[in-house]
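Take a look at the structure below.
The values are calculated or read from the model by the stated rules, or taken from the named source; none is laboratory data. Quick caveat: nothing in here was measured; it's all calculated off a predicted structure. Methodologically, a virtual Cβ is constructed for each residue, glycine included, from the backbone with ideal geometry; neighbour enumeration extends over all protein chains shown. Side chains are part of the model used for accessible areas, which takes the heavy atoms of the whole protein and leaves out ligands, DNA and RNA. Shrake-Rupley method; radii C 1.70, N 1.55, O 1.52, S 1.80 Å.
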Amino acid sequence: MAPDARAPPRVPQAVLRPPEERGLHVNEVFTSIQGEGRHIGLPTVFLRTMGCPLRCGWCDTEYSFHEGGWVAWGDLVAQIEAPGVRRLCLTGGEPLIQRDAWPLVRHLLEAGWEVSIETSGALVCDEASRIAEDLGTEARSRLTLSLDVKCPGSGEAKTWKEANLTHVTSSDQLKFIVADEADYDYARAWVEAHPGLPCDVWFHPVGGTDGTLLTSLAERILADHLDVRLGVQLHKLVWGAERGV
Ligand code: SF4
């Protein structure tokens, strides 16, 4: 029987057993415009890692599950620094399954960079609080945790770790990808059950740019008096659903 590319094991074995030397399993490195969230519109170096333990039904980066290879620390830092843009978005896949993801984040923050981490919300980001303790609040303010709270339409809604809320600050963001009415109702109920969040909450239409979904989301947010941000994926408006942008 042909193997099902979406079936377990969900994480490439190489990610589970990294080499002794430091580095990351990398799918791609590219420079583009940040398409969403706090840094929308700003030039950014993107580092997309390999592997993800989740399988969201609408995932648009399935190619990152298995494509790529090991890049040693020195080569990786050189690739990231080459464009001369001191802003990194660490994305995936799920970057935080990689042993050296947080050390890379620390390294760049210590060097004065802005760093954002796009993570599924299925892993507890307690290291962000340790960074605040070790490097100070100014460095922590240059770190953005972009945490997904998965809606039912993703098929992964049970993976959210509520403990993440003890580690978010005003520089972070929570993101709901909304595919339909049921997702919107879930997101709205979640937000209403969590008053006083310290960070922005974004509602995005699945796919990033669907006009009908955007309109209905905007109307529901206004009608329900929700204090959340409506988001698009700017890079898809500029370049379409291309890879590496
Ligand atoms: S967490 Fe992200 S990379 Fe992983 S399956 Fe979901 S959308 Fe895809």
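When the alpha carbon coordinates of the chain are projected onto the principal axes, the ranges are 54, 53, 35 Å, largest first. For the chain, the 222 nm mean residue ellipticity estimated from helices alone, with every DSSP H stretch of n ≥ 4 adding -39500 (n - 2.57) and the total spread over all residues, rounds to -7500 deg cm²/dmol. Close amide-amide hydrogen proximity is noted between Lys175 and Leu147, Asp148, Val149, Trp202, each under 5 Å apart and 5 or more residues distant or on a separate chain (H modeled in the peptide plane; Pro and chain starts excluded). For the chain, modelled as a Gaussian network with Cα springs under 10 Å, which listed residue fluctuates most, Leu88, Leu96, Leu230? Residue with maximal mean-square fluctuation among Leu88, Leu96, Leu230: Leu230.
Remark: region 20-238 carries a charge dipole of roughly 240 debye about the Cα centre, counting +1 on each Lys and Arg Cβ and -1 on each Asp and Glu Cβ. Annotation: extensible slack from Val238 through Ala218 equals 5.1 nm (criterion: 0.36 nm per residue apart, minus Cα-Cα distance).
Expressed to the nearest 5 percent, the antiparallel share of DSSP beta bridges inside the chain is 30 percent. Applied to region 201-213, the Karplus parametrisation 6.51 cos²θ - 1.76 cosθ + 1.60 on θ = phi - 60° returns per-residue 3J(HN,Hα) values of 10, 10, 10, 10, x, 4, x, x, 9, 4, x, 5, 5 Hz, with x for Gly and Pro.
Of the chymotrypsin sites (Phe, Trp or Tyr not before Pro) in region 26-74, the ones in a loop by DSSP (not H, G, I, E or B) with at most 12 other beta carbons within 10 Å are Trp58.
Per residue, the accessible area of the chain comes to 45 Å², computed with a 1.4 Å probe over protein heavy atoms only. For the chain, the list of Cys residues with no other Cys C-beta under 4.7 Å reads Cys52, Cys89, Cys125, Cys151, Cys199.
The share of accessible area on the chain that comes from carbon and sulfur is 54 percent, using a 1.4 angstrom probe.
For the chain, a Gaussian network of Cα nodes joined below 10 Å ranks Val85, Val149, Val115 by mean-square fluctuation, and the top entry is Val85.
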